[in-house]
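Structure first, commentary second.
The values are calculated or read from the model by the stated rules, or taken from the named source; none is laboratory data. These numbers were taken from a predicted model, which means no experiment stands behind them. Positions of Cβ are generated from backbone atoms using ideal geometry, with glycine treated the same way; all protein chains shown enter the neighbour counts. Ligands, DNA and RNA are excluded from the accessible area calculation, which covers all protein heavy atoms including side chains. Shrake-Rupley method; radii C 1.70, N 1.55, O 1.52, S 1.80 Å.
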Amino acid sequence: MNRYFKFYFFLFVGTFFSFQHRLYASDSIPMKFSIGLDQRKAMISNSSLLGNSILIAINGVTVAVNYKSRLKFGLGVYISTTESENAFMITNPTYVATIHQNTPLATMTNSENGKGYLVNSSLRMRYVTAMVEYEFFQSKWLDLSIPFEVGVGTSSLTLSEFFSKTKLPITTRKNKLVPSETTFTPALLGLKAYFNLSPDVMFVGSFGYRLILKEVGVSQNFDGIYYQLGLQLIPQRIIAAMKSDFKQRKK
C-alpha cells in the first residue's frame, strides 16, 4: 500500500473515530493549560536498521492549551534511543561492496546467504512537534479528538561491525551514501481517547500513522503505525484544589 495513501486513509478515518480531552462548560477557567507525559510505540520494519522489525519506545512531554473548548494547540518534545537486540548479518551484495570499499578494516564473514558483515546497530531520534487537536465528542468520562502533528528533528543511526567495532557507512534504499546523522520532518495523524479519572487527571490512549513528509537520508524508514499511552494533567485545576484545601485547613 502506498505510504501517502495510508496517511490520507488515517486522515479520513480519524474524522469519524478519534479521541480527545473534554472541557466542562461549567468550568470557570477560560483557557486551560495541560501537561502530557506519554510513551509512543512505533514500528520500524526496515531490517537494515536494527536487524528485524521492532517496536521502538519514544518518550515525550507535551504542553498544550485548550481554545474555545473544541481545539487544543501545543508543543511536544520526543526522544528515543534503541539498540539492536542481537548482531545480524548484512549480505546484500551491493551494500557489502559499498562497505568493503569504504571501510576496508571491517571483517567480512561467510554465512548461509553468502559473504557479508556481522553488525550491531543503534538508533537515536530527537524531535519537536507542533500539535493541534479537534474535539468532536464530549462526555463525563470519555472525550474524543483528532490529533495532528508536524515537526522537525534529527536521527542518528550507527552500524558497527561486530568483530572490529568499525563504524560502517550508511546508505539509502537506492544505495546512496548519507551521513549517519540526518534531519527529518515527521507528520502524525491519529485517534486519541481521554479517560477522565478526575477533573484534573486523564489517562490517554491513541494510535495512528506517522509519515515522513521530507525524505532525508535514512528517514524514509521511519514511516509506520504507532500507538501511545500516557497521562495528562491540568495544572490550574490541581493548583486550585490545593489552594482550596489549604484555605479550609486554616479555618
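From Thr103, Thr91, Thr81, Thr129, which residue is at pLDDT 90 or above and surrounded by fewer than 19 Cβ atoms within 10 Å (Cβ to Cβ)? Criteria check complete, one pass: Thr103. When Lys140 is tested against the conditions (1) assigned to a strand (DSSP E or B); (2) basic (Lys, Arg); (3) out of contact with any helix residue (DSSP H, G or I) (no Cβ under 8 Å at 6 or more places or on another chain), the lone failure is (1). Residue-level check: of (1) under 23 Å from Leu37 (Cα atoms); (2) open to solvent by 30 Å² or more (accessible area, probe 1.4 Å); (3) assigned to a strand (DSSP E or B), Ser69 misses just (3). Here Thr62 meets the list (1) open to solvent by 60 Å² or more (accessible area, probe 1.4 Å); (2) modelled with pLDDT of 70 or more; (3) polar (S, T, N, Q) almost entirely, failing just condition (1).
The strands (runs of 3 or more DSSP E) found entirely in the range 150-241 that carry 2 or more residues being at pLDDT 90 or above and among the hydrophobic types (A, V, I, L, M, F, W, C) are 181-198, 201-214. Residues in the range 117-124 include at least one that is within 16 Å of the chain's Cα centre (by Cα) and modelled with pLDDT under 90. Being in contact with a Phe, Trp or Tyr (Cβ under 6 Å, 6 or more places away or on another chain) and polar (S, T, N, Q) narrows it down to one residue among Asn196, Asn175; which is it? Only one candidate passes the filter, namely Asn196. Taken over the range 106-126, the criterion of being open to solvent by 70 Å² or more (accessible area, probe 1.4 Å) and either in a helix (DSSP H, G or I) or more than 22 Å from Tyr78 (Cα to Cα) (or both) is satisfied by Met108, Asn110, Glu112, Asn113, Lys115.
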